[in-house]
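The values are calculated or read from the model by the stated rules, or taken from the named source; none is laboratory data. Quantities reported herein were computed from a predicted structural model and do not represent experimental measurements. Using ideal geometry, Cβ is built from the backbone for each residue, glycine included, and neighbour counts are taken over all protein chains shown.
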Amino acid sequence: MKIGIYGAPYAGKTTIFKLLVGDVNEEIGMAKVPDERVDFLSDMYKPKKTTYATMEFVDLPGLSPDLPRKEKNQILSKIQNVDALLWVVRAFEDESVPRYFEDAGKEIEYLHDELLIRDLEIAETNIEKLKNAKRKLSRDEEQQLQSLEKCSKALNDGIFVKLIELSEDERKALSSFGFFTMKESVVAINLDEGSFKSKAYKGKEKVEEIVRNNSLAMMEMCGKLEMEINELEEDERKEFLNDLGLKESGISRLARVVYSTLGLISFFTVGEDEVRAWTIKKGTNFKKAAGKIHTDIERGFIRAEVVKYSDMKEFKSMKEIKAKGLMKLEGKDSIVEDGDIVNIRFNV
């Protein structure tokens, strides 16, 4: 799962990037997704290795209003192939840090409009190319042209591509263009400590309007403070989070929002060698999920032995779970549920 971090200069993007992935000196980093279920299973099995789910983040340079269009597009092209976007919007007050925008509302409006402009350019460039082709268009190209014209009209009206009613054929025709407004987005409002506690900041009404109108997910963070909390010992960290009225760290809250937005769930494999979390799309069947572990396991799938995490937490013993008849056998077309503990039987 790859997420592009998108925002204007001085919004605190790099602070949030480092909060998520650690103090790395590159623009790409991996973040471990905290999961108390993995912690519990690891404590129970004492495996040689514990592997959490991960998210990959790409930190873009700030998209400055002063840059020419060409340079803006060069920056945006660096997250062409991400699964989702994390918008970082500045809502913190700090006189020592310059700012481009009067408030968070104007900043998110700028970020919103830049994506519309970029996607509109892509649509119109490709429409012109297809219309000026000196040959008869193929059936697929005709479908592309029709779909691009539909997108162009919506984008001109300020509507994101993901909100257009599209058929499967139209989605397929548009898949190669990498429209940014087709990607799911999470907006992270980067607050200072005071505004984080009060939940009040300048431009909040505009932020909520844009989030609502474009079906964006949103969360509030205090990047600078959470960086400081992250450096504390576990007990002190919990105490500071409690003072902020939080039960989870920034990465935990973000992971939950991203998983929900992208329709993702986790299943687990357990044993003395390794306890591991696997990320899949909600609605995935057991045979397809087996392919996440290894293609040979998917190819030779026979059945899945499945235990619910809630049962494992209650009884803390696979032997007792089996004795109570709580282990289920599932076939290839059965659907994996979030938290399933899975052992695949296969033969190749």
Any idea which residue in segment 1-34 is surrounded by the fewest Cβ atoms within 10 Å (Cβ to Cβ), counting only those that are under 30 Å from V275 (Cα atoms) and touching a Ser or Thr at 6+ places or on another chain (Cβ under 7 Å)? M30
Let me spell it out: the conditions are (1) more than 17 Å from the chain's Cα centre (by Cα); (2) over 30 Å from I117 (Cα atoms); (3) part of a helix (DSSP H, G or I), and L19 meets all of them except one. Which number is the exception? (1)
Can you spot a residue in segment 338-348 that is modelled with pLDDT under 95, among the aliphatic types (A, V, I, L, M) and surrounded by fewer than 13 Cβ atoms within 10 Å (Cβ to Cβ)? yes
Quick one: in segment 268-322, which of the residues that are among the polar types (S, T, N, Q) and without any contact (Cβ under 8 Å) to a residue 24 or more places away in the chain is farthest from K332 (Cα to Cα)? S317
Quick test of your reading of the structure: E168 fulfils all but one of (1) closer than 25 Å to N190 by Cα; (2) modelled with pLDDT under 95. Name the failing condition by number. (1)
Against the conditions (1) surrounded by 13 or more Cβ atoms within 10 Å (Cβ to Cβ); (2) in contact with a Gly (Cβ under 9 Å, 6 or more places away or on another chain); (3) closer than 30 Å to T15 by Cβ, where does I122 fall short? Just the number, please. (3)
For segment 55-70, enumerate the residues that are within 30 Å of F268 (Cα to Cα) and either surrounded by fewer than 16 Cβ atoms within 10 Å (Cβ to Cβ) or without any contact (Cβ under 8 Å) to a residue 60 or more places away in the chain (or both). E56, F57, V58, D59
Just to be sure I understand, how many residues within segment 292-307 are surrounded by fewer than 17 Cβ atoms within 10 Å (Cβ to Cβ) and closer than 24 Å to Y259 by Cβ? 3
Quick one: would you say S42 is outside any loop (DSSP other than H, G, I, E, B) and surrounded by 15 or more Cβ atoms within 10 Å (Cβ to Cβ)? yes
Which one is surrounded by the most Cβ atoms within 10 Å (Cβ to Cβ) among residues in segment 267-291 that are touching a Gly at 6+ places or on another chain (Cβ under 8 Å) and under 17 Å from D39 (Cβ atoms)? F267
Single residue of S249, S198 found to be in contact (Cβ under 8 Å) with a residue 40 or more places away in the chain and hydroxyl-bearing (S, T, Y): S249
Taking segment 309-348 and keeping residues among the β-branched types (V, I, T) and under 33 Å from the mean Cα position of the chain (by Cα) leaves I335, V336, I341, V342, I344
Qualifying residues in segment 175-192 (those that are outside any helix (DSSP H, G or I) and of a type in the set (G, A, S)) - the one farthest from L20 (Cα to Cα): G178
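For (1) outside the structural domain of K72 (by TED's automatic domain parsing); (2) in contact with a Phe, Trp or Tyr (Cβ under 7 Å, 6 or more places away or on another chain); (3) of a type in the set (S, T, N, Q); (4) surrounded by 15 or more Cβ atoms within 10 Å (Cβ to Cβ), each residue gets a yes or a no:
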site	(1), (2), (3), (4)
S138	no, no, yes, no
E142	no, no, no, no
I159	no, no, no, yes
L174	no, no, no, yes
F177	no, no, no, yes
I189	no, no, no, yes
A200	no, no, no, no
I210	no, no, no, yes
